[in-house]
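Working notes, structure below.
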Amino acid sequence: MNDRWFVIRRKLLNNIVWILLLIAVVLIGGMEPSFFTPRILGNVLSQATVLGILSFAQAFAIMLGLIDLSLLGVMSFSATMGLLLIERGAPVVVAIPVIFATGALLGAMNGLLIAKLKAVALVETLAVKLTLLGAFLVITEGRAITNMPDSYKWFGQGSIGPVPTLPIALAIVFVVVYVLWNKTPYGRSLYAVGGNENAAHTSGIKVDRVKIIAFTISGLLSGISGFLLSAYMGAVTSTFGNSYDMNNIAAAVIGGVACSGGQGNVLGVLGGVLLLTVIQVGLQILGVSSYYVQMINGLIIFVAVLLDAVRLKTQHS
């Protein structure tokens, strides 16, 4: 009986994000039936895109038992570099790769400092975030960048047939990360290094390379997020992306990526993203004061930490 209860409890914990998502959808839809209209559901998917891609970026670091606090700075700075080129006459087809390359290079820098110089990830990435956000303000002198051609904004505001472009971008990133984690030697190495770095090194895995690649991908995904968010908003402002700063960590952890590293799955991260987005959109629909939203976000992060602790305790009991 005890063994059966242990299996049931473990399955519940591993799928808790989907249970919570179902409860949230039912409660919000019950209080406000308009939540189930195509327009609002489409809005949920669109708003989930940037958070989702950032959460996948964060998941690469958390899978290693580390944390990447630089994501907001990377996405803001990368988007700014591309948009400044557009202001100076560069075509969109040149600016977009520059945004992606800037994000990847900044991520690679994080990876090199953490892997080769053994910098503490929490402190190093926080320093990079603050530096990049400061550089963003210096370069723009605090002004909003709004000079974007329609071809650029289409990626955030357009659609392919009846389907908005943002959810399509999220689906593409989800598939790529899923394949990378589950179908490639690198994915197996990522799990191994996160689970036990010393054992991975002993078995012949190049630990430093795994870390550098993980942070490079994290930076690239941050650049993609910055590109999509700027196209969606039609502007880059001094508060660009602030609402995603801590929620990307919460989404990954609620989705089952263990803070200790080596455990997690891409589908769970997606569930965490959808849960947070449904709650935020639901609060707006229900007319909840914005003063309560920040408090609720803090409680969600607190719940994420508790769930991670319970999952870890269950696995070792």
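The residue pairs whose first member lies in the stretch 173-200 and is farther than 20 Å from I67 by Cα, whose second member is part of a loop (DSSP other than H, G, I, E, B) and among the aliphatic types (A, V, I, L, M), and whose beta carbons are closer than 6 Å, counting only pairs six or more residues apart or on different chains, do not exist in this structure. For A231, the conditions (1) more than 24 Å from L122 (Cβ to Cβ); (2) surrounded by fewer than 20 Cβ atoms within 10 Å (Cβ to Cβ) all hold with the exception of (2).
Figure legend. Inter-residue proximity from the stretch 47-68: first residues free of Cβ contacts under 8 Å to residues at least 24 places away in the same chain, second residues surrounded by 24 or more Cβ atoms within 10 Å (Cβ to Cβ) and part of a helix (DSSP H, G or I), beta-carbon distance below 8 Å, spacing 6+ or different chains. No pairs are indicated.
Looking only at helices (runs of 4 or more DSSP H) that fall completely inside the stretch 127-208, which ones have 2 or more residues that are within 23 Å of the chain's Cα centre (by Cα)? Talk me through it step by step, then tell me what you get.
Values: elements: 150-157, 165-182, 185-195, 197-202.
Of the helices (runs of 4 or more DSSP H) lying wholly inside the stretch 127-208, those with at least 2 residues that are within 23 Å of the chain's Cα centre (by Cα) span 150-157, 165-182, 185-195.
Could you grab me the full set of residues in the stretch 234-257 that are among the hydrophobic types (A, V, I, L, M, F, W, C), in a loop (DSSP other than H, G, I, E, B) and under 16 Å from L122 (Cα atoms)?
Start the filter on the stretch 234-257 by keeping residues that are among the hydrophobic types (A, V, I, L, M, F, W, C), which leaves 235-236, 240, 246, 249-254, 257.
Right, trim to in a loop (DSSP other than H, G, I, E, B) and you get 235, 240, 246, 257.
Answer for the stretch 234-257, where residues must be among the hydrophobic types (A, V, I, L, M, F, W, C), in a loop (DSSP other than H, G, I, E, B) and under 16 Å from L122 (Cα atoms): just M246.
Close Cβ contacts (under 7 Å, 6 or more residues apart or on different chains) running from residues in the stretch 252-272 that are modelled with pLDDT of 85 or more to residues that are of a type in the set (S, T, Y) comprise A252/S55; G262/Y191; V266/Y178; V269/S55; G272/S55.
Only one of L137, L133 is more than 21 Å from I249 (Cα to Cα) and either modelled with pLDDT under 95 or in contact with a strand residue (DSSP E or B) (Cβ under 8 Å, 6 or more places away or on another chain) (or both). Can you tell me which? Lay out the reasoning, then the answer.
Details: L133 fails: more than 21 Å from I249 (Cα to Cα).
Being more than 21 Å from I249 (Cα to Cα) and either modelled with pLDDT under 95 or in contact with a strand residue (DSSP E or B) (Cβ under 8 Å, 6 or more places away or on another chain) (or both) holds for just one of L137, L133, which is L137.
Residue count for the stretch 85-107, restricted to those that are free of Cβ contacts under 8 Å to residues at least 24 places away in the same chain and among the charged types (D, E, K, R): 1. Just one of the listed residues (G219, G187) is surrounded by fewer than 21 Cβ atoms within 10 Å (Cβ to Cβ) and out of contact with any strand residue (DSSP E or B) (no Cβ under 7 Å at 6 or more places or on another chain), namely G187.
Taking the stretch 279-317, which residues are of a type in the set (G, A, S) and assigned to a helix (DSSP H, G or I)?
Step one: of the stretch 279-317, the residues of a type in the set (G, A, S) are 282, 287, 289-290, 298, 304, 309, 317.
Once the filter is applied, which keeps residues that are of a type in the set (G, A, S) and assigned to a helix (DSSP H, G or I), the stretch 279-317 yields G282, S290, G298, A304, A309.
Just one of the listed residues (V281, V293) is without any contact (Cβ under 8 Å) to a residue 40 or more places away in the chain, surrounded by fewer than 24 Cβ atoms within 10 Å (Cβ to Cβ) and more than 30 Å from L112 (Cα to Cα), and it is V293.
Here's the yes/no breakdown for (1) at pLDDT 90 or above; (2) among the small types (G, A, S); (3) over 18 Å from I145 (Cβ atoms):
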| position | (1), (2), (3) |
| --- | --- |
| A200 | yes, yes, yes |
| S203 | yes, yes, yes |
| V207 | yes, no, yes |
| V210 | yes, no, yes |
| S218 | yes, yes, yes |
| G223 | yes, yes, no |
| L229 | yes, no, no |
| Y232 | yes, no, no |
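The residue of the stretch 140-184 that is farthest from D245 (Cα to Cα), among those that are exposed (fewer than 12 other Cβ atoms within 10 Å of the Cβ), at pLDDT 90 or above and of a type in the set (D, E, K, R), is K183.
Count of the stretch 259-278 residues, restricted to those that are in a helix (DSSP H, G or I) and farther than 27 Å from I28 by Cβ, is 0.
The values are calculated or read from the model by the stated rules, or taken from the named source; none is laboratory data. It should be emphasised that the depicted structure is a prediction, and the values quoted were computed from it without experimental measurement. Note that each Cβ is placed from the backbone with ideal geometry, even for glycine, and that neighbours are counted across all protein chains shown.
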